[in-house]
1. Which residues, taken from the range 43-74, are small (Gly, Ala, Ser), touching a Leu at 6+ places or on another chain (Cβ under 9 Å) and modelled with pLDDT of 90 or more?
2. Given the conditions (1) within 25 Å of the chain's Cα centre (by Cα); (2) outside any helix (DSSP H, G or I); (3) at pLDDT below 95, and given that SER156 satisfies all but one, which numbered condition is not satisfied?
3. Only one of ALA446, ALA429, ALA360, ALA352 is within 25 Å of SER156 (Cβ to Cβ) and of a type outside the set (Val, Ile, Thr); which?
4. Under 28 Å from GLN211 (Cα atoms) and outside any loop (DSSP other than H, G, I, E, B): is that true of ILE90 in this structure?
5. Between a first residue in the range 331-343 that is closer than 15 Å to ALA384 by Cβ and a second residue that is among the aromatic types (Phe, Trp, Tyr) and surrounded by 19 or more Cβ atoms within 10 Å (Cβ to Cβ), which pairs have beta carbons less than 8 Å apart while being 6 or more apart in sequence or on different chains?
6. Filtering the range 101-117 down to residues that are at pLDDT below 95 and not in a strand (DSSP E or B), which residue is farthest from ARG61 (Cα to Cα)?
7. Suppose we keep only residues that are loosely packed, with under 14 Cβ neighbours inside 10 Å and either part of a helix (DSSP H, G or I) or under 23 Å from the mean Cα position of the chain (by Cα) (or both) within the range 310-333. Which one would you say is modelled with the highest pLDDT?
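The values are calculated or read from the model by the stated rules, or taken from the named source; none is laboratory data. As the structure is a prediction and not an experimental result, all values here were calculated from the model. Here the Cβ positions follow ideal geometry from the backbone for every residue, glycine too, while neighbour counts run over all protein chains shown.
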Amino acid sequence: MSRKFQCRVIPSTWLENNGRRLDCGPYLSGAIEAMELLKQHSTEKLSSVTREIFHAGREGRIWVESPEHGVPFMGSTDVLASDLSHLPLISKKQVNSNPKFSIKSGWTLITRSGTVGRMSYARPDMDGVACSEHVMRVVPNEADIKPGYLYAYLSSRFGVPIVVSGTYGAIIQHIEPDHISDLPVPRLGDLEEQAHHLVQRAADLRVEATQEIDAITQSLEEEIGGGPVVWQHRHVQSHAIQAISVSSELSRLDAFHHVGYVGEAIKKAVVPLIEVGNYARALRPPILKRIKVDGTGIDFLGGRELLKLDQSAEDQIALRTPNLEQFIVKPGMVLFQCVGQRYGIFGTPVLANRRLIGRAVTEAVMRLIPHDLDDAGYIFTYLATGFGQRLVMRHSAGTSIPVLQEDGASKILIYWPNKDRRLQIHEIATNAWEKRARAIELEDEARTLVERAIEEGGR
């Protein structure tokens, strides 16, 4: 049930113990119950086990194009993403003049504006990356507390409610560092080390997965065109002018299909490109009439949720939903957003792993189903290249809200090397996505350890 529609009777002592706050947040979030349970443990204030809690401060951003002059920049949604390979660049000079922009591995990152309280653990590939002022940095004092344990606790079902209870604002919610500085952190002895190692191993697996995908993607780009085709979203509507011959075989008259940014991929390719429909079936289910339920249905994911670190679903839909089977993820599927603007997540591929199989995904996501399941990892990898990204865009249609339909998806041009090469790439890609699935499980295991210890201490 949405918080705004909840009603609850609370003891008057809760008002006294919370500074006589009359807004509903602290009392509906579960924070009070968490605080009461934590009284059974030895605790320290968050400020006493951290070196700093801060955000970058509000200032205009200076965007640049060249990596030579820029630093990758994460917005508040990017800190929750599994892939950081397509981040925009902010000026190095701006970052150097305000070091608070930069992230270091081992920090806990908390979204602090709009949707408050979503967290991620800064993994090694985030080290030195710039980050928005809408993300709060919690910097552990590693002499006092293990970074992975602190993250596991803060992101647990005891830590999150307390963090969220400090929000303010009627329309756009916010939270400031001083709102959580007194947050109690339980000290759980040897278990802290265990939780830390689980979280750190999850972070390392995520980095390994990204590195493996990047390496094989770059190798494939060399094979296709002698080097990368850089995917820079802001150039997607290139103003190139080109004459084309009109014939009876010309099926598209929109300029985007023929010239500009996407056309460079075809020109650069030195290998034959063949329609992917020869090797895979494109499936986009019809618009789904969603019957939402709580706890009794099946997870329902949108395109952005597919790309999240934990691949968690915001909603569940009823098992009686009409045509539900068409929306269920099957082994071997390659999925990507096929509705929306030609920047952001449009066309970014996802390989179905065991975390996704059996869950439902929105009709705004295209499914490519290989004729041979051993080609799934290869198709994913090709679509992750700059060539693949551009050629997916080529068959989208529409100016306000571009859409890629099944017939267009089947016509995406793809390079098709020999079976051994495809199988090699498939195995690397599937192994990388398995590491991402395992990373989610390790973080969940760390939180479960912490939550169980807190609960048992209260008995």
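1. Across the range 43-74, the qualifying residues are SER47, GLY70.
2. Against the list (1) within 25 Å of the chain's Cα centre (by Cα); (2) outside any helix (DSSP H, G or I); (3) at pLDDT below 95, SER156 comes up short only on (3).
3. After ruling out the rest, the residue left standing is ALA446.
4. Yes.
5. As it stands, the answer is VAL334/PHE380; PHE336/PHE346; GLN337/PHE346, since those pairs meet every condition given.
6. Only one residue tops the list, namely GLY117.
7. Among residues in the range 310-333 that are loosely packed, with under 14 Cβ neighbours inside 10 Å and either part of a helix (DSSP H, G or I) or under 23 Å from the mean Cα position of the chain (by Cα) (or both), the one modelled with the highest pLDDT is PRO331.
Every residue, every condition in (1) over 21 Å from ARG123 (Cβ atoms); (2) modelled with pLDDT of 95 or more; (3) crowded, with 16+ Cβ neighbours inside 10 Å, yes or no:
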{"residue": "LEU413", "(1), (2), (3)": "yes, yes, yes"}
{"residue": "ILE428", "(1), (2), (3)": "no, yes, yes"}
{"residue": "TRP433", "(1), (2), (3)": "no, yes, yes"}
{"residue": "ALA439", "(1), (2), (3)": "no, yes, yes"}
{"residue": "ASP444", "(1), (2), (3)": "no, yes, no"}
{"residue": "GLU456", "(1), (2), (3)": "yes, no, no"}
